[in-house]
Amino acid sequence: MNNNSQKFTDTSFVYDYVNRLSAFLNWHQLDNFISKIEVSDRTGCWDWTAVKRNDYGRFKFFDKMVTAHSFSARCYYNYSGSKFSLHDCDNRKCVNPKHLFWGTQKDNMMDAKKKGRIYDRTGEKNHQATITKEKAKEIKYLLKYNSTVIVASTTKTSLYVCQCIKWGKTWKHLNE
Ligand SMILES: [Zn+2]
């Protein structure tokens, strides 16, 4: 996989991603999936915020629990082969398809071994996102006319933050 990881700020990539996933997920599932992603501006990683196991994100697809990053990559690349999706970014909870590549079982084991020696930065990356009142107002306004994904990407804010504003979980008191 290439090293020019594109960030969520790249709107065309996000559109493309959502489009490709919509071939596999209905609107409710797609919304559910996207809402669990939090973008790290620093690394470009799409951190999975929901259920995790061994740091790997998990997603309930119909009645089956699937690995979030693998699911993300398989849908995005429309891949149904037997290879494993491995992280280029050393961040197990990342579901950004641009940070994933396909490898064999052997690659998987070698990769795990290699990464065992690498310091895990997931805790440091896991910060509480905070935004200013002005930013919240801007987001609230934009959400009236745009999808959450687009607002998150154009305002460089995490999807989670935008989703919370959309659902009225945060910044409810702001005048419109
Ligand atoms: Zn990543």
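The values are calculated or read from the model by the stated rules, or taken from the named source; none is laboratory data. What you see is a predicted model; the values in this text were computed from it and never measured. Cβ placement follows ideal geometry from the backbone for every residue including glycine, while neighbour counts extend to all protein chains displayed.
Mind telling me which of the residues Leu100, Leu86, Leu159, Leu174 ends up being at pLDDT below 85 and in contact with a strand residue (DSSP E or B) (Cβ under 7 Å, 6 or more places away or on another chain)?
Selected residue: Leu159, the only one of Leu100, Leu86, Leu159, Leu174 that is at pLDDT below 85 and in contact with a strand residue (DSSP E or B) (Cβ under 7 Å, 6 or more places away or on another chain).
Out of (1) free of Cβ contacts under 8 Å to residues at least 12 places away in the same chain; (2) in a strand (DSSP E or B), what's the single condition that is false for His28?
(2)
For segment 31-56, which residues satisfy the criterion of being within 16 Å of Lys156 (Cα to Cα), within 16 Å of the ligand (Cβ to nearest atom) and either of a type outside the set (Val, Ile, Thr) or without any contact (Cβ under 8 Å) to a residue 24 or more places away in the chain (or both)?
Matches in segment 31-56: Glu38, Ser40, Asp41, Arg42, Gly44, Cys45, Trp46, Asp47.
For Arg74, which of the numbered conditions (1) more than 16 Å from the ligand (Cβ to nearest atom); (2) farther than 27 Å from Trp167 by Cβ; (3) surrounded by fewer than 19 Cβ atoms within 10 Å (Cβ to Cβ) fails to hold?
(3)
Which residues, taken from segment 62-84, are of a type outside the set (Ser, Thr, Tyr) and touching a Leu at 6+ places or on another chain (Cβ under 8 Å)?
Within segment 62-84, His69, Ala73, Cys75 qualify.
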